[in-house]
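The values are calculated or read from the model by the stated rules, or taken from the named source; none is laboratory data. Keep in mind that this is a model prediction, so the values were computed, not measured. All Cβ positions, even for glycine, are placed from backbone atoms using ideal geometry, and neighbour counts span all protein chains on display. Protein only, heavy atoms only, side chains kept; ligands, DNA and RNA dropped before computing areas. Shrake-Rupley method; radii C 1.70, N 1.55, O 1.52, S 1.80 Å.
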Amino acid sequence: MNLHEYQAKELFRQAGMPVNPGEVASSPDEVRALAEKYGGTVVVKAQVHSGGRGKAGGVKLADGPDEAAEHAETILGMEISGLVVEELLVSPAEKIATEAYVGVLVDREGQCPVFMVSAEGGVDIEEVAATNPDAVHKLRVDPRYGLMPHQAYWMATRLYDEPALVRQCAKVLSGLYDAFTRNGASMAEVNPLISTEDGQVKAIDAKVSIDGNELFRRPTVEALRDTASEEQGAARAREAGLSFVKLDGSVGCCVNGAGLAMATMDLVKYYGGEPANFLDIGGSSNPDKVVAALEIITADPNVKVILFNIFGGITRCDDVARGIVEAAGRIDIRVPLVIRLTGTNEELAREILADAGFEAVASMDEVVQAAVRVAA
Amino acid sequence: MSIFADENTRVIVQGITGRDGSFHTRQMMAYGTQVVAGVTPGKGGRRFEGPDGIAVPVFDTVADAVAETGGADAAVIYVPPAFAASAIMEAADAGVGFVVCVTEGIPVLDMTRAHALARDRGCRVLGPNCPGLISPGKAKLGIIPGNIVEPGPVGLISRSGTLTYEAVHHLTRDGLGQTTCVGIGGDPLIGTSFVDCLEAFAADPDTKAVALIGEIGGTAEQEAAEWAGRHLEIPAVGFIAGRTAPPGKRMGHAGAIISGAAGTAEEKTKAFEDNGIPVARRPAEISKLVGELLGR
């Protein structure tokens, strides 16, 4: 789960990190009032879950309240990577001397948190890592000890020469690790971490992603979820316990298991079709889940056919067949269903479906080819 | 032979009295797995009724279970996500050398600590978020259905559950049985890698070919391809799920995500092919390629 900049900054403040002041506004008048309150030059920043906000025109400097309100007028309602801007963060502009990058994420290879820091901040860090890898310093953290003071100090000395800045930076890094672990993050970064002309180190941007598996035990973090910015069907899928990702094609997919669901999408493409979604219905054959899945898929007007691909191992095919029949009775499915069921009790499943007027095939290739034909 | 577990492996089940734990323990016992004890905190002293009138004792702790049953070689974990990392650490601390963790949804930061402790104790973790393994005709640790496998010459390694069943189903139907099918798990941090499994299969004289079923996210398949290119003497076949997955989106499995340019299906396919491993374009083709390489 991604957080907005202002939410991430609040978590950073709670962890004792120095962060530039700022408040959220959702109308030009509110932005004007904040600009008056801060005085001088202010920064107006779009709050959407997307990188490249500056390049898209979602970040503007304003010399005073009038200009701030004008920028607000332009940026509010703007689309950045398909997301509509509904909130702005207004902050007083800083007098920047240097810009650095600091971030921490989970390292798959090392199976531990890893810091990445660079004195070249304010730019795309992946690009720095690709073009000038020596400029990015990595440090793995043993999760049992946490970030040790000497490690924070070592990283700080990669970024600054002046002792006062090094000391402040080491404190920022400890705070960042704290914010990362305390909130169950999978990634936390500051880009840029600035030093000001008067010698202060502070975060003027913040990006945090939360590990979805942490949310059951972190209600205050879950409360930060912005459901308005989620894509179509995501909230409904989450409530129903389904894994769902919307795509642009016309073949709706309903599959048990994430790996098989991906392989099904790939096979749709292989046979010349385009998948409309990824959907893992899981091991359950609960009709409520099937209903939810069908509702989510049919809400997409592009969908021309719905493909069921079920490999019954532990899941019994007859249970899934009953779920499909019940779901079809409860909601209006405006498109044809093509069904594949293989595994435990597949004959029984086929009878149940046949009695309700549905046909099921036994192979994945067959069902995908049938779906692609219907969608064409 | 088989890898990691066979008919002599003595198994403890953590979470044996839960809904999933009890169901799958009965399936494991019915398949012939030597389940010697179960663990559920607060339920020590009871007996767990398996199939065919067999019952095993339930203990409050893994340490008790190990001490009272004369030792266990493996533990299988069906514990809810909030307690699963702790269950792994408990098993490793009790000296169990092999832990299969089926649980999906464990916080990643919990797993950084569990993996670190397991490494220190010399304990191999399979998973988490995996279907476990099955050595056909011998034993199964986890949830892979016993009715789709057959003993034979193929070793199978996969990050997925039902996609593994799909591939195994074709192998079995085409007369290509398996030594062991291992589901290594769909999480970003897993204890046993493709390479670990390849090393084990390479040392098993009965395994004549290996199928590697990967997916988008991370670099485990690339490492496996490189290892196979250098050390593997038996033929291997690959498959990668997620060619149509958009970057930056998690495809069900916590570990199935393309980050930046890394972890794409193209990159993984190329790594396999560069190391002489043909890559199936459809799940049904995996068995076909294995058969060809075995001269069937």
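Mind ranking A:Tyr160, A:Tyr145 by accessible surface for me, highest first, 1.4 Å probe?
So the residues, ranked largest to smallest area, are A:Tyr145, A:Tyr160.
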What number, rounded to the nearest 500 deg cm²/dmol, is the helix-based mean residue ellipticity at 222 nm of the protein assembly as shown, given -39500 (n - 2.57) per DSSP H run of at least four residues and division by all its residues?
-11000 deg cm²/dmol
Which of B:Lys268/B:Lys288; A:Lys289/B:Lys268; A:Lys45/B:Lys268; A:Lys45/A:Lys171; A:Lys138/A:Lys202 have a Cα-Cα distance over 28 Å?
A:Lys289/B:Lys268; A:Lys45/B:Lys268
Per residue in the stretch B:159-206, which ones lose no less than 30 Å² of accessible surface when going from chain alone to all protein chains (1.4 Å probe)?
B:Thr162, B:Leu163, B:Tyr165, B:Glu166, B:His169, B:Pro188, B:Leu189
Restricting to Cα pairs below 8 Å that are 6+ residues apart, what does the relative contact order work out to for chain B? Please round to a whole percent.
14 percent
Just to make sure I understand: if all protein chains stay in place, what is the order of A:Lys95, A:Lys289 by accessible area at 1.4 Å, largest first?
A:Lys95, A:Lys289
Any idea what the relative contact order of the stretch B:144-293 is, in percent, if you count C-alpha pairs under 8 Å spaced at least 6 apart?
25 percent
Could you sort A:Phe216, A:Phe244, A:Phe115, B:Phe4 by accessible area so the largest value comes first, with the probe set to 1.4 Å?
A:Phe216, B:Phe4, A:Phe244, A:Phe115
Mind grabbing the accessible area of A:Val59 for me, 1.4 Å probe, Å², rounded to tens?
50 Å²
What total accessible surface area, summed over both chains, is buried at the interface between chains A and B, computed with a 1.4 Å probe and given in Å² to the nearest 100?
3800 Å²
Solvent-accessible heavy-atom area per residue, rounded to whole Å², over the protein assembly as shown at 1.4 Å:
39 Å²
I'd like the FRET efficiency for A:Thr157 and A:Ala93, computed as 1/(1 + (r/R0)^6) with the beta carbon distance as r and R0 of 45 Å, rounded to 0.05.
0.95
Compute the long axis of helix A:364-375 from its Cα atoms, compare it with the longest principal axis of the Cα atoms of chain A, and write down the angle in degrees, 0 to 90, nearest 10.
80 degrees
Simple label model, 7 Å out from Cα along Cβ direction - A:Asp248 to A:Arg373, nm:
2.8 nm
A:Arg217 and A:Thr41 label points (each 7 Å along its Cα→Cβ direction) are spaced in nm at 4.6 nm
Candidate lysines for bridging to B:Lys43, where Cα separation is under 29 Å - those fewer than 8 sequence places away on the same chain excluded
B:Lys140
How many angstrom lie between the Cα centre of the stretch B:150-192 and the Cα centre of the stretch A:108-142?
36 Å
To make sure I understand the rule: partners must be aspartates and glutamates, Cα under 15 Å from the Cα of B:Lys249, and not fewer than 8 residues away in the same chain. Which ones qualify?
A:Asp211, A:Glu230, A:Glu231, A:Asp248, A:Asp280, B:Asp187, B:Glu215
